[in-house]
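Structure, as C-alpha cells:
Bear in mind these aren't lab numbers, they're just calculated from the coordinates by the rules spelled out. These numbers come from a predicted model, not from an experiment. All Cβ positions, glycine included, derive from the backbone under ideal geometry; neighbour counts span all protein chains shown.
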C-alpha cells in the first residue's frame with residue numbers, strides 16, 4: 001500500500017529578553033545553578049507574576065512577520081501538572097485565547113517549488129526548570145534558572161508531508177525568529193526546541209491516522225531522522241495488522257529510534273483554567289505599531305526581490321536569504337561586482353563550503369564581501385580564469401590580502417597574449433608527434449591531452465578559451 | 001451537573017490527594033451541591049456578554065524588561081530539605 005505521511009510541529013522558541021516573563025530574575029545562559037531563580041520563579045507563597053512588556057512586544061513582532069492576526073485581548077491560563085522542575089504545580093501558558101492567531105509561512109522545497117505551511121497559533125508561556133537525573137544516587141537535582149524564561153510556542157497545521165518538508169518548515173521558523181530579532185535560536189542552549197506530531201494514512205484518504213508526538217528534538221538533523229524512523233515504525237505496524245497508539249515518544253539519537261515516553265492512558269489531564277493572578281493582556285494599535293515599526297524586510301519578500309533584481313533562481317535566492325547577515329553579504333558582493341549570478345555561485349559554492357568546513361558564520365568570514373567582489377571583477381575583466389580564481393580565493397581565505405595583491409604576489413595573471421600561448425602550443429606539438437598523429441587520425445579524445453599540457457606548462461594561467469581555439473587551429477592546420 | 005465517586009477519585013489523583021473511599025462519597029455529594037448552586041446562573045442569558053476579568057476594567061500591567069532580582073540562593077536554599085552544589089535535590093523522578 002502507498003502511505004502518506006502527515007506532520008505538524010510545535011516549536012518552542014525562547015524570547016530574547018533580559019529578564020523572565022513574570023519576574024525580574026535575569027535569563028542569562030550558563031549561570032551557576034539556581035542563582036537566577038527568584039521567589040516568583042520558585043513559586044513561594046504570596047508572590048504574584050507581573051508580565052514582561054518585552055515578551056509581549058516580541059510575540060507581536062512574530063505575529064506580524066507571519067501575516068497573522070494579533071489578538072487585541074489574550075488570556076493566560078494555568079496548565080496543571082506535577083513535576084519537581086515546576087515548583088508552582090502549574091505552568092502559566094495561554095490556552096483558549098493565544099496572543100497570535102492563524103498565520104502562514106512559505107517553504108522552498110529542493111526542486112525550487114514554494115509551499116505554504118499554515119500556523120495555527122502562537123502563544124506566550126513560561127519555561128520549566130531543568131532536572132538532572134544522572135549525578136545523584138537515587139535523587140534528582142533541580143536547577144530552576146530556566147524556570148520562568150519566556151517562550152513563544154508556535155503551533156503549525158498538519159501541513160507537512162515528508163520529513164524534508166518538516167525540516168524546511170522548522171528551518172524557516174528558525175530563520176524568521178532570528179531575522180526579526182525575537183530569539184537567538186540557539187539550539188544547543190535549548191532556545192529552539194521542536195515537538196513533532198507524526199501520523200500516516202493510506203494515500204488518497206482524508207481522515208488522519210492516529211498520531212504519535214515526538215518530544216524535545218533539538219537539531220534539524222535529529223528532526224529529520226526521528227520523523228523518518230517514526231514513519232517507518234508506524235507503516236510497519238499497520239502493514240503487520242497492528243494499530244498505532246496515541247502516545248508521546250522520545251527520540252534517541254544514539255540508537256536512531258523513538259521510544260515510548262508515556263501513553264495516552266497516563267497522559268496528563270491539564271485542567272486548564274484562566275490564571276486569576278493575571279488579567280487579560282490588551283494589545284492596541286499603538287503597541288502593534290511600536291513593536292513592528294522597525295521590522296526589517298522579511299525573508300520571503302527579500303527572496304522574491306533577489307530573484308527579480310538579480311535574476312537568480314528560487315533555490316539560490318532561498319539559500320542566500322537564510323540569514324540577514326548572509327543576505328547582506330550577498331547584496332554587497334552582487335552590487336560591488338555588478339555580477340549577481342557569479343556572486344551567488346561563489347557564495348553558495350566555494351564560500352559556503354569553506355565556512356562550513358571551518359565551522360564559521362558568515363559574519364566571521366575571513367574573506368570580506370568587498371574582497372570577494374574584487375576577485376569576481378578580476379574574473380569578468382579577464383585578469384584571471386575561473387579556475388585560477390579558486391586559488392586566489394584560497395589565498396584570500398588564508399589571509400593573503402585582497403584579490404589584486406594575491407594575483408600580483410603570486411603571479412597569477414592570466415596569459416592572454418596569443419603569441420605566448422601559440423609558442424607554448426608549438427613546443428608541445430613538436431614534442432608529441434605520436435599524439436598529433438592520433439588526433440589527426442580522428443581520435444578526438446587526445447585533444448584533452450593537449451589542453452592539459454598547455455595548462456600545465458602555463459601553470460594554469462593560459463586563458464582557457466584562447467587555448468582551445470588556438471589548439472584547434474594548430475592541430476587542424478598543421 | 002453531578003459528580004460521582006469515580007470523578008472525585010480522578011480529580012484527587014490528578015491533584016495528588018489521598019482520599020479514603022468514604023470521603024470520596026461525601027465529596028461527590030458536596031461538590032455536586034456546589035456545582036448545582038453555580039448552575040443556577042445558567043438561567044441567565046449571557047449571549048453577547050463579554051466575560052468580565054476585573055470589575056474596574058483593568059488590564060494586565062506590563063513590567064519593563066529589566067533584571068531586578070539579585071541572587072538570593074543561599075536564603076532560599078536554607079529552607080530546602082536537601083541541596084548539593086547549588087541544586088535542589090528531590091527523590092528521583094525517573095527510573
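Need one number: % antiparallel among DSSP beta bridges in the protein assembly as shown, to the nearest 5. Expressed as a percentage, antiparallel bridges in the protein assembly as shown total about 90.
At a 10 Å Cβ-Cβ cut-off, how would you order A:10, A:213, fewest neighbours first? Walk me through the numbers on the way to the answer.
Working: A:10 16, A:213 19.
Going from sparsest to densest Cβ surroundings: A:10, A:213.
For residue B:92 and residue A:10, what does the FRET efficiency come to when R0 = 35 Å and r is the distance between their Cβ atoms, rounded to the nearest 0.05? Before the final figure, lay out the partial values.
Details: r = 28 Å, r/R0 = 0.80.
Taking R0 as 35 Å, the efficiency between residue B:92 and residue A:10 is 0.80.
Sorting A:456-465, A:169-178 by average packing, meaning the other beta carbons within 10 Å per residue, from highest down gives A:169-178, A:456-465.
Length gained on full extension, residue A:335 to residue A:449, computed as 0.36 nm times the residue gap minus the Cα-Cα distance: 37.1 nm. Pop the C-beta distance of residue A:239 and residue A:261 into the FRET formula with R0 = 30 Å and round what comes out to the nearest 0.05. Taking R0 as 30 Å, the efficiency between residue A:239 and residue A:261 is 0.80. Whole-percent P(r), the protein assembly as shown, all Cα pairs, 20 Å bins from 0: 16, 39, 28, 12, 5, 1.
From a point 7 Å beyond the Cα of residue A:410 in the direction of its Cβ, which residues of the stretch A:366-380 have a backbone N at a distance under 17 Å? Within reach of a label on residue A:410: A:366-368, A:371-380. Distance between the pseudo-spin-label points of residue A:387 and residue A:130 (7 Å out from Cα toward the beta carbon): 5.3 nm. Once the Cα atoms are used to define both axes, helix A:53-65 deviates from the longest principal axis of chain A by about 50 degrees.
Kindly work out what percent of the DSSP beta bridges joining two residues of the stretch A:189-348 are antiparallel, to the nearest 5. So the antiparallel bridges amount to about 70 percent of the total. When only alpha carbons are used to place a centre, the stretch A:345-362 and the stretch A:117-176 end up 29 Å from one another.
What does the structure give for A:73-82 when I average, per residue, the other chain Cβ atoms found within 10 Å of the residue Cβ?
Values: counts 4, 1, 3, 1, 0, 0, 0, 2, 1, 4.
Mean shielding by partner chains, rounded to a whole number: 2.
Quick one: grab the alpha carbon gyration tensor of the stretch A:418-477, order the square roots of its eigenvalues as a ≥ b ≥ c, and give me rounded if a/c is under 1.5, else prolate or oblate depending on whether a/b is larger than b/c. Here the stretch A:418-477 falls in the prolate category. Normalised by residue number, the volume inside the convex hull of the Cα atoms of the stretch A:192-236 is 75 Å³ per residue.
For chain A, the longest principal axis of the C-alpha atoms and the axis of helix A:446-457 are separated by about 90°. For the Cα atoms of chain A, what angle does the longest principal axis make with the long axis of helix A:418-431, in degrees from 0 to 90, nearest 10? That works out to roughly 70 degrees.
When you count, for each residue, the other Cβ atoms within 10 Å and take the mean per peptide, how do A:337-347, B:7-17, B:41-51 rank with the highest first? Provide the component values of the computation, followed by the final result.
Numbers: A:337-347: 20.2, B:7-17: 14.2, B:41-51: 7.2.
The packing order, highest mean first, is A:337-347, B:7-17, B:41-51.
Can you tell me which of A:425-432, B:85-92, A:145-152 comes out highest on packing, and rank the rest after it, using the mean Cβ neighbours within 10 Å?
Taking the mean over residues of other Cβ atoms within 10 Å, the ranking is A:145-152, B:85-92, A:425-432.
Based on Cα atoms of chain B, Rg over Rh with Rh as the Kirkwood radius reads 1.17. The alpha carbon centroids of the stretch A:267-311 and the stretch B:29-95 are separated by 26 Å.
Rounded to the nearest 0.05, what FRET efficiency do residue A:438 and residue A:465 have when you use their Cβ-Cβ distance and R0 = 25 Å?
Details: r = 24 Å, r/R0 = 0.96.
After rounding to 0.05, the efficiency reads 0.55.
Please compute the average number of Cβ atoms from other chains found within 10 Å of each residue's Cβ in peptide B:67-78.
Across B:67-78, the average partner-chain Cβ count within 10 Å equals 6.
Rank these for me by crowding, A:300, A:294, going from fewest to most other beta carbons within 10 Å.
Details: A:300 21, A:294 9.
Fewest-to-most Cβ neighbours within 10 Å comes out as A:294, A:300.
Pair-distance distribution P(r) for the stretch A:236-312, from all Cα-Cα distances in 10 Å bins starting at 0: 12, 16, 15, 20, 29, 7 percent.
By how many nm would the segment from residue A:297 to residue A:73 lengthen if fully extended, with 0.36 nm per residue of separation less the alpha-carbon distance? Working shown, then result.
Values: separation 224, 0.36 × 224 = 80.64 nm, distance 2.73 nm.
Gain on extension, residue A:297 to residue A:73, equals 77.9 nm.
Per residue of chain A, the DSSP helices (runs of n ≥ 4 H) give a summed -39500 (n - 2.57) that works out to -12000 deg cm²/dmol at 222 nm. Across peptide A:33-43, the average count of Cβ atoms from other chains found within 10 Å of a residue's Cβ is 5. In plain terms, the residue of A:137, B:54 with the fewest other Cβ atoms within 10 Å comes first and the most crowded comes last, giving A:137, B:54.
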